[in-house]
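Notes follow the structure.
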Amino acid sequence: MFDTIIIGAGPAGCSAALYLCRGNAKVLLLTHGGSSLLKAHALENYYGLTSISGSNLYKQGLEQVRRLGATVQEEEVIDLSYDDKFVLQTNAGSYTSKTLIMATGSVRTTLPLPGLKELEGKGVSYCAVCDGFFFRKKKVAVLGNGAFALHEAAVLEPLAATTTLLTDGKNIPAGSNLPGVDKKIAALEGTMHLTGIKFADGSRLDLDGLFVALGTADTNALARKLGLVLENNYLTVDKEMHTNIPGVFAAGDCIGGLNQVATAVGEGAIAGMEALKFIRARAQHI
Amino acid sequence: MSLQVTEATFQQEVLAAQGPVLVDFWAPWCGPCRMLGPVIEEVAGEVKDAKICKVNVDENPDLAGKYQINAIPALMVFKGGKVVASAMGVQSKSTILEMLKK
């Protein structure tokens, strides 16, 4: 069991890890290998550094926390839950922790599919474990083509009448035994409730439920699985970076704001210190 | 404290109630519902002019069907028997209090 699992290894995640490791906590940093920092060609607005490339700063940040003893794993988080402890499932294994820091980075814009937003909660879902129950013996599809989509499909398959993988023009993954459709999607159909999908070639598919699991599980998907409050797709935190769930903290671009390295580092430091405080208080209590 | 409502009591406790009624559709197996639970109790302890109810969708599938609940937690505010506000997923206390003002 880790004291803290941090999802995301950008400036917010590494800064949190730094304070936790120095406070003697056992830290796991999970990253899917990406960060918006990697896209910054030259960073010239961070204290003390005249100019540095984003990729260089990212590498140095990871190296720093590794030296301090953090375990860094390049794995994709596909599920998380809480039952006395946080349980995270990745594409490679499963981990538990006492606290969790969300440093999941910039919020991905949702797919601009007509009907998607309007049908949320009316057949469109972002969490198979939470909502699969309502689609027993019904026709469902999972939108996506990565490990996350396959995980969601595996949850739904025993419950639903049919489970189809929709890749919206991308390749159907090799490991999938499910019926798959790789055509581009034009729109979702239905007003009061989802009734089907219309593809760009004019064909359609009858559906009762659509589970969105595009790419890697992002802030939004992970928040919904755990029950974190979101506002305009950003995680809601107080000044101490506490989310609505005790023991869960968030920092960096996933909480909105300036989306700067400087703010991410500061928020990460606060989240790390607060997680440390939480762990110590709990240890005393026990 | 919130009031557990069933298919047998929904008409009387929610639809025929005077003033706004917040209904939290939940299930014991739903992790996010457990996160929302304490917030609902906090709201129930604070508000005086609204009734705060919970419906277990496992035990009351007809109610879940009638209100087309297919994602939980789901919150609905009823006034005069009609749904005046609804929200899907875990909400903050301030959002819930705002919903009750609608």
**Request:** Please give the direction-averaged projected area of the C-alpha convex hull for chain B, in square nanometres with one decimal.
**Result:** 5.5 nm²
**Interchain or long-range residues, amide H under 5 Å from residue B:51's placed H** = B:21, B:22
**Request:** Identify the GluC sites (Glu not before Pro) of segment A:181-286 meeting these criteria: DSSP loop state and at most 13 other C-beta atoms within 10 Å of the C-beta.
**Result:** A:240
**Using distinct alpha-carbon pairs, which all enter the 1/r mean, Kirkwood radius of chain A in Å** = 19.8 Å
**Message:** If I require 30 Å or longer along the helix axis, counting alpha carbons, and a Kyte-Doolittle average no lower than 0.5, what helices from chain A are left? Use full DSSP H segments.
**Reply:** none
**Message:** Can you order the peptides A:18-31, B:73-86 by their average number of other Cβ atoms within 10 Å per residue, highest first?
**Reply:** A:18-31, B:73-86
**Request:** Go from 0 up to the bin containing the longest alpha carbon distance in segment A:1-120, width 5 Å each, and give me the % of pairs per bin.
**Result:** 2, 11, 19, 19, 17, 13, 9, 6, 3, 1
**Asked** Where only protein heavy atoms count, and the probe is 1.4 Å, what is the accessible area per residue for segment B:18-61 in Å²?
**Response** 41 Å²
**Message:** Tell me the carbon and sulfur percent of the accessible area for segment A:189-245, rounded to whole percent, probe radius 1.4 Å.
**Reply:** 50 percent
**Complete:** Note on segment A:201-286: C-alpha Rg/Rh, Kirkwood Rh, two decimals, gives 1.15
**Message:** Which trypsin sites (Lys or Arg not before Pro) in segment A:132-165 sit in a loop by DSSP (not H, G, I, E or B) and have at most 12 other Cβ atoms within 10 Å of their own Cβ?
**Reply:** A:136, A:137
**Asked** Relative to the Cα centre, what is the charge dipole magnitude of segment A:164-217, using +1 at the beta carbon of each Lys and Arg, -1 at the beta carbon of each Asp and Glu, and rounding to the nearest 20 debye?
**Response** 140 debye
**Fill in**
Inter-chain shielding metric for A:121-134, i.e. average beta-carbon neighbours from other chains within 10 angstrom, reads 5
**Asked** Relative to the Cα centre, what is the charge dipole magnitude of the protein assembly as shown, using +1 at the beta carbon of each Lys and Arg, -1 at the beta carbon of each Asp and Glu, and rounding to the nearest 20 debye?
**Response** 220 debye
**Prompt:** In debye to the nearest 20, how big a dipole does segment A:186-226 give about its Cα centre with +1 on each Lys and Arg Cβ and -1 on each Asp and Glu Cβ?
**Reply:** 140 debye
**Prompt:** With point charges of +1 on the Cβ of Lys and Arg and -1 on the Cβ of Asp and Glu, referenced to the Cα centre of chain B, which listed residue (B:39, B:70, B:85) lies farthest in the positive direction of the dipole?
**Reply:** B:85
**Prompt:** Could you give the distance between the Cα centres of segment B:20-78 and segment A:1-54, to the whole Å?
**Reply:** 38 Å
**Request:** Take every residue in peptide A:229-235, count the Cβ atoms of other chains within 10 Å of its Cβ, and give the average of those counts.
**Result:** 3
**Prompt:** Going down the list A:239/B:79; A:239/B:93; A:138/B:66; A:59/A:183; A:98/A:122; A:117/A:139, which pairs span over 27 Å between their C-alpha atoms?
**Reply:** A:239/B:79; A:59/A:183; A:98/A:122
**Message:** Sort A:99-105, A:11-17 by the packing proxy (mean of other Cβ within 10 Å over each peptide's residues), most packed first.
**Reply:** A:11-17, A:99-105
**Asked** Which whole number gives the average count of other chain Cβ atoms within 10 Å of the Cβ atoms across peptide B:26-37?
**Response** 5
**Item:** Where no second cysteine Cβ lies under 4.7 Å, the cysteines concerned in chain A
**Value:** A:14, A:21, A:254
**Request:** Tell me the trypsin sites (Lys or Arg not before Pro) within segment A:74-130 that lie in a loop according to DSSP and have at most 12 other beta-carbon atoms within 10 Å.
**Result:** A:117
**Message:** Which order do the peptides A:1-8, A:203-210 come out in when sorted by mean C-beta neighbours inside 10 angstrom, highest first?
**Reply:** A:1-8, A:203-210
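The values are calculated or read from the model by the stated rules, or taken from the named source; none is laboratory data. Worth saying up front: this structure is predicted, and the values here are computed from it rather than measured. We place every Cβ from the backbone using ideal geometry, glycine too, and count neighbours over all the protein chains shown. When the accessible area is computed, the model is the full protein with side chains, heavy atoms only, and any ligands, DNA or RNA have been set aside. Shrake-Rupley method; radii C 1.70, N 1.55, O 1.52, S 1.80 Å.
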